[in-house]
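The values are calculated or read from the model by the stated rules, or taken from the named source; none is laboratory data. Remember, predicted model here, so these are calculated numbers, not experimental data. Using ideal geometry, Cβ is built from the backbone for each residue, glycine included, and neighbour counts are taken over all protein chains shown. Only protein heavy atoms, including side chains, enter the accessible area calculation; ligands, DNA and RNA are left aside. Shrake-Rupley method; radii C 1.70, N 1.55, O 1.52, S 1.80 Å.
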Amino acid sequence: MSVADGGRQWPDEVSVENARATLLQLLARAGVPSDDARQLIGLLEAGALALAHEELSAARGVPGETGAEGAEERGARAVLEELGAVAERTLVRAVGAEGEQGQAGERPRARRMEVERARVAVTPLYLSFTAVSELDPEVTDEVLAAVLGTMSPRQRAGYAGRLTEFAADHRTRLERMFAGFGPGSAITMHGRYSLLHSATSIAVLERLAAAPQELREEWDAVELPPAWLDGLTTAWNASA
């Protein structure tokens, strides 16, 4: 469609592919592996489709049952179902056909881009409760790898939303915990509570609530200090 047509100026298939190829090249220049870059783009595409499906579903209103209105409603429902199916296929392409779990049922190790996405998700949440600490244990990647190791690739794709929901549901308790044990508290130098000086503490707490056994298995696998988990658990329980 040309500008003279006066219609919506949407990118066509060639233009979309051009944008995707351009982004892949830019990410490659930044040192991002092609597989990670393709997964990230795929998650964006799947997410855009899923959000469109959610918006359209909410806008449907009360469905018609008979006559012309009923036929229109059935047609709209069929379009929505296909949009949902397209979103699902796009997500499967992004995380792989075994996105629910790895081969033979195991959970694959977290990839670099998955760790980075978790870091981007958890940092602003942490800073909404406390300040940056100079005592950060500096093992962010190792801790996040253990956290992500408790989830399938598909679960990791939606982890940012899960973290945000956890922080919102437990905001008051998290505020008390960081005030009593985190940066600026009277026990800032106590090694047992070192993890509270890291943004990863919120991610670890969410996993302690959702998958405690799996987290401890992954924690041991990457040889992180058991005292950090114990200290975080103590601080969390004391803030209830």
Exercise for the section: Could you state the angle between the C-alpha long axis of helix 200-210 and the longest principal axis of the C-alpha atoms of the chain, as a value from 0 to 90 degrees rounded to the nearest 10? Expected result: 80
Exercise for the section: Specify the angular offset, from 0 to 90 degrees and rounded to the nearest 10, of the alpha carbon long axis of helix 226-238 from the longest principal axis of the alpha carbons in the chain. Expected result: 80
Completion exercise
Share of accessible surface on carbon and sulfur in the chain, whole %, 1.4 Å probe and ligands ignored, is 55
Practice task
Would you pull out the residues with amide H under 5 Å of R107's amide H, same chain only if 5 or more places away, H placed 1.01 Å from N?
Solution key: G102
Fill in the blank from the handout: If one compares the long axis through the Cα atoms of helix 112-127 with the longest principal axis of the Cα atoms of the chain, the angle in degrees, nearest 10, works out at 70
Exercise for the section: Once you've got the GNM for the chain with C-alpha springs shorter than 10 Å, pick whichever of A146, A203, A71 has the biggest mean-square fluctuation. Expected result: A71
Problem - Contact order relative to length of the chain, as percent, for alpha carbon pairs under 8 angstrom and 6 or more apart - result: 18
Problem - With all protein chains modelled, accessible area of H170 [1.4 Å, Å²] - result: 60
Problem - Per residue value of the accessible surface for the chain (all protein chains in place, 1.4 Å probe), Å² - result: 57
Exercise for the section: State to the nearest 20 debye the size of the charge dipole of the chain about its Cα centre, where the only charges are +1 on K and R beta carbons and -1 on D and E beta carbons. Expected result: 440
Exercise for the section: With springs connecting C-alpha atoms under 10 Å apart, model the chain as a Gaussian network and identify which of A37, A59, A48 has the largest mean-square fluctuation. Expected result: A59
Problem - Under 5 Å, built H, 5+ apart or other chain: amide partners of V222 - result: none
Problem - Around S34: net Lys/Arg minus Asp/Glu count, Cβ-Cβ under 15 Å - result: +4
Handout entry: Spread of Cα-to-Cα distances over 5 Å intervals beginning at zero, given as percent, for the chain
Key = 1, 6, 11, 14, 14, 13, 11, 10, 8, 6, 4, 2, 1, 0, 0
